[in-house]
Amino acid sequence: MRTHARRNRGRHALLAWAGLAGLLLTTLACAQPEAGQYEQPPAPPPDGVWQFDFGAPESAAEAGYYRVLPDTAYSAEQGFGYTEGRAYKAAFDQNRRITRDNLLLDDVTRDGIYGGTPFRIDLPDGKYRVVALTGQYSRPGANRPDSHYRQYSITAGEAVLYEQEDTAEAFFDPQGRYFHNYYRDWHPDVNLYEENISRWIPFGEGQVEVAGGSLEITASRYAPINGLWVFPVGSEAGQAALEAFRAKQQATFNDQYPYLAAEPEHSMPELPEAVKQAGAAIYVREDARELRPGTRPVPRDFGRPLRLFASQGEREAGVIAVTPLADVPGPVDLTASDLQGANGARMPASAFDIRYVRYGEYPVTGGYVVRPHFLVPWRPERMEKGITRGFWVDLHTPEDAQPGFYEGTLTLTGPGVDATLPVEVRVLPLKLPRCRLYAGVYAGDLRGTTFRHYRGRENEPDDLIRKVLRTRMEFYADQGFTGLYDSLGWYPFEYNDGQIQTTETWEHWLEVFRTAASIPNFRERIFCYYVGGPQMFPKCPHFLSRRAIPKMAIEDIVFSDEAVEEMTAMTKFLYQQLRAEGLPELTFYVQDELGNDGARGARYGRELLRALNKCRKAVPGGFRTCISTLRVSIAQEYLDQADIVMPNQAYPVTPETIQELRDHGCTLGLYNMGATRFSYGFYPWRVDAYNRAQWSFSYDGDSRDPFEALPSGARVSCDCHYTPDWEVLPSIGMLAQREGVDDYRYIQLLEERVKAAQAAGKGESPQAKQAGAVLVELRDAVKVTYLDPSNNWDNSTMNYYRWRVAQAAMDLADVLE
């Protein structure tokens, strides 16, 4: 990002804005005025301060401003307007109230006009200060606004008010707008507009010398102008008008979202003298997602160690809460010592990955609250008295760690803070197997999400995309996931005159397949979602698109013989190429949530599966299909044609619905059961699920600020993003799912040892019988009806059962030696 003139980027003191809440409600309630109903102020302005509100005819104009619409032509009578000529010009209005997509800005900022012919203002000769407000925060849908990344410029005469580069390097610069909120911590004094909105709708300004009685403002094609201020240099009225607008601009947004501070969960207990001297209470919490500013310790927390147990090579996490006893005005750090064991055994401090639990602002009725989500590698710059924050302490136990007990210390330091917490770790003499459950998360095609706005363009950052693709897959594998559900690009093939022709997208598919083949966890099988339907077949001339079915009679929803022939040719080519190169076996993920199209969606699913089953017979070696489904009533239409069926928690998943699937010869999978540990471990084991997927790695497709929830309410589930170094920035939900996978691996290990004992003729040994009893107890504890209230296990319950399983597995080791 470059500017060739001065830009105000500092924080401006807000002026008092009495009664703004009532004003906003009045504005929303009133009908938007038509263009002809707005009465322009007298021109020229008596105080010499020109204030323009650019926008769409449907949106309101700021009172006292000159209204500029796309058809506002220059006339000498009014003294301003677009000059004659032809140029791209487009108005926008970004205020909206849509589910998960709310935005309400002031009447100047909310809308604007892209491009256009030069905008002329008649002015007496002299020196003028020109200020432009330029930008669009977001727009509905999956695409970023052009103003986020396109090259554009706004000039006033010879002065450049604002200029932006169109390169991936500029857009993704570590100090640029994209990563700004990655570094930002939450504090009660945050200016939400300044931090969340202003970076996408900045001011640009400059000084110009007017000669000849007029000034022209020129905006390039992708340059939006929301507002414009022109006044003589040194004008106190001009400066006051600009400051008044900035105050209203910020207050309009900020007053919608006051911080709703929850009451502390209880009062602070009597503090031991050592805690008082330390300057902060540091204590163990069970669940990072439950951390809040009002979290408080209880007396037994003081001095209680962080206790972890883990197998060799396993990752295991703990959560540390910190409640400062006074304001901490400088950086705060949490560090770990080496862990010392018996007989000189040692685990280095580097085995710990300590991350700060970053709070984010979440909109709720009447304001906003803060909740934890991302686990960032940086440390907080300051802390406030009585506001509890947290750290995620992730121990990656070395593969060769000596089994036994270890001790160490966590140390919290900062101005006026020096606190310690003991750590106790037990390394178990176990090595967990690779999870047989194909567990993973959905993730968008990188060229269609994070890098969507560069897709197919000359400046598409191919090397960076390949790097991030590998980084993301390696992250999955590091967390123990064995199911790969990355989406692929659209249209890898075309069908012309009976021949299959590949497109550039096919090369991108091969990048995914080859990267997966290089990672052991995904070498065997992958599940790239939505291959069957919207991604692979639309270039078949006779393919029946899902988009066509809403207007079709239900009995007409059928794939023709010509369509099946074309689909078969593509499918045969796909599997021939994959198998010739020894790439992972692709499970053909057919469609998703056909229930959104009601009975027609169900029929479409049945006919699509029927067509694919015909394709499968023509492919040597065949292939498997899977389909995810919202409701049992929809799935019943296509169960006879289905292979792997993945219901979600609303399906509902019960003994009866699972049995119905299996009675039709279907394999049970699970999707969107919640980003929880239980749903990735104990539950899929209990119902013998084949695979498990959750929406999603990047929930919003990265179409706006990737690190913030206001005002849209994003950052949910297991949503992750990236650091400026393009490492994965994990969420609590993602790593909670990892813990579930590890639960599954512990049970899998015990089952394998029970089978080994039986094969060795030791199935009647006390240890084998006890192991069997543990598995029976666990099976009885997990209810097959997923939404049964007794399945609401907390971490302590899951840790208890994991320990029972681990202990039984260790006891069996003696029998198997």
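The values are calculated or read from the model by the stated rules, or taken from the named source; none is laboratory data. Values in this document were obtained by computation on a predicted structure and should not be read as measured data. Don't worry about glycine lacking a Cβ; one is built from the backbone with ideal geometry, like all the others, and counts go over all protein chains shown. Note: accessible area is taken over every heavy atom of the protein model, side chains too, but ligands, DNA and RNA are not part of it. Shrake-Rupley method; radii C 1.70, N 1.55, O 1.52, S 1.80 Å.
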* **Antiparallel content of DSSP bridges confined to the chain, in %, to 5** => 75
* Sorted peptide list for 316-324, 789-797, criterion being average Cβ within 10 angstrom, highest first -> 316-324, 789-797
* To do: Would you mind calculating the gained length between Arg97 and Asn792 on full extension (0.36 nm times residue separation, minus the Cα-Cα distance), in nm to one decimal?
  => 246.8 nm
* Structure fact -> Subtracting the Cα-Cα distance of Thr420 and Ala756 from 0.36 nm times their residue separation yields 116.5 nm
* How far apart, in nm, are two points set 7 Å out from the Cα along the Cα-to-Cβ line at Gln649 and at Arg434? -> 3.0
* Determine, from the Cβ-Cβ distance of Lys769 and Arg662 and an R0 of 25 Å, the FRET efficiency 1/(1 + (r/R0)^6), rounded to the nearest 0.05. => 0.25
* If the cut-off is a Cα-Cα distance under 19 Å, which lysines reach Lys769, setting aside same-chain residues fewer than 8 apart in sequence? -> Lys755
* To do: Could you please put Val298, Val805, Val558 in sequence from largest to smallest accessible area, using a 1.4 Å probe?
  => Val558, Val298, Val805
* To do: Would you work out which of Tyr74, Ala351, Ala419 lies farthest towards the positive end of the dipole of the chain? Charges go on Cβ: Lys and Arg +1, Asp and Glu -1.
  => Ala351
* Structure fact -> Full extension between Glu263 and Asp725 adds, at 0.36 nm per residue less the Cα distance, a length in nm of 162.5 nm
* **Acute angle (nearest 10 degrees) that the helix 20-29 long axis makes with the longest principal axis of the chain, alpha-carbon atoms** => 90
* Determine which residues of region 38-56 fall in the zone a paramagnetic label at Ala237 would reach in this model, i.e. backbone nitrogen under 18 Å from the point 7 Å along Cα→Cβ. => 40-53
* Asked: What FRET efficiency, computed as 1/(1 + (r/R0)^6) with R0 = 60 Å and r the Cβ-Cβ distance, is obtained for Glu458 and Asp814, rounded to the nearest 0.05?
  -> 0.40
* Structure fact -> Filtered hits (lysines, Cα-Cα < 17 Å from Lys539, offset >= 8 within chain) -> Lys572
* Structure fact -> With a ≥ b ≥ c from the Cα gyration tensor eigenvalues, square-rooted, and the rule rounded for a/c under 1.5, otherwise prolate when a/b > b/c and oblate otherwise, region 723-817 is oblate
* Asked: What order do you get for 63-73, 527-537 when each peptide is scored by the mean count of other beta carbon atoms within 10 Å, highest first?
  -> 527-537, 63-73
* Asked: Efficiency by 1/(1 + (r/R0)^6): what FRET value for Glu216 and Gln151, r their Cβ-Cβ distance, R0 = 25 Å, to the nearest 0.05?
  -> 0.75
* Asked: Which shape class, rounded, prolate or oblate, goes with region 600-692 when its Cα gyration tensor gives a ≥ b ≥ c as root eigenvalues, a/c under 1.5 marks rounded, and past that a/b bigger than b/c marks prolate?
  -> prolate
* Assuming a ≥ b ≥ c are the square roots of the Cα gyration tensor eigenvalues, decide whether region 152-239 counts as rounded (a/c under 1.5), prolate (otherwise, with a/b larger than b/c) or oblate. => oblate
* To do: Quick one: go through region 726-769 and flag any residue whose amide nitrogen is under 20 Å from the point 7 Å out along the Cα-to-Cβ line of Gln807.
  => 743-754, 765-769
* Compute from the Cα atoms of region 284-382 the Rg and the Dmax, the latter being the longest Cα-Cα distance, and quote both in angstrom. => 16.2, 59
* Asked: What's the Kirkwood radius of region 288-338 in Å, using all Cα pairs?
  -> 14.0
* **For the chain, diffusion coefficient by Stokes-Einstein and Kirkwood Rh (Cα), 25 °C, 0.890 mPa s, µm²/s** => 82
* Cα-projected label distance for Ser337 with Gln40, points at 7 Å along beta-carbon direction, nm -> 7.6
* Asked: What lysines sit close enough to Lys385 to cross-link, taking a C-alpha to C-alpha distance under 18 Å and skipping anything fewer than 8 places away on the same chain?
  -> Lys276
* Calculated from backbone phi, Karplus (6.51, -1.76, 1.60) coupling profile of region 406-421 in Hz, x at Gly/Pro -> 10, 9, x, 9, 9, 10, 9, 10, x, x, x, 10, 8, 10, 10, 9
* Structure fact -> Convex hull around the C-alpha positions of region 51-94: the volume in Å³ per residue is 79
* Structure fact -> Checking region 118-206 for GluC sites (Glu not before Pro) in a loop per DSSP with at most 12 other beta-carbon atoms within 10 Å yields Glu158
* Candidates per trypsin sites (Lys or Arg not before Pro) in region 293-391, loop by DSSP, up to 15 other Cβ within 10 Å -> Arg382, Lys385
* Asked: Which value, in Å², gives the accessible area per residue of the chain when a 1.4 Å probe is used on the protein heavy atoms?
  -> 40
* Whole-percent carbon and sulfur share, accessible surface of the chain, 1.4 Å -> 49
* Asked: Direction-averaged shadow area of the convex hull around the Cα atoms of region 649-791, nm²?
  -> 12.0
* Structure fact -> The simple spin-label model distance between Thr83 and Ala326, using points 7 Å out along Cα→Cβ, in nm, is 6.5
* Structure fact -> Short to long, in 5 Å steps from zero, the percent of alpha-carbon pairs of region 133-292 per bin is 1, 6, 11, 14, 14, 13, 10, 8, 6, 5, 5, 3, 2, 1, 0, 0
* For region 419-519, what log10 I(q)/I(0) values come out of the Debye formula at q = 0.18, 0.22 1/Å, with one point per alpha carbon and no solvent? -> -0.93, -1.18
* Structure fact -> Relative contact order in percent for region 384-498 (Cα pairs under 8 Å, 6+ apart) equals 24
* Structure fact -> The helix 766-781 Cα axis meets the longest alpha-carbon principal axis of the chain at an angle in degrees, between 0 and 90 and rounded to 10, of 40
* Considering Cα pairs under 8 angstrom that are at least six residues apart, work out the relative contact order of the chain and quote it in whole percent. => 10
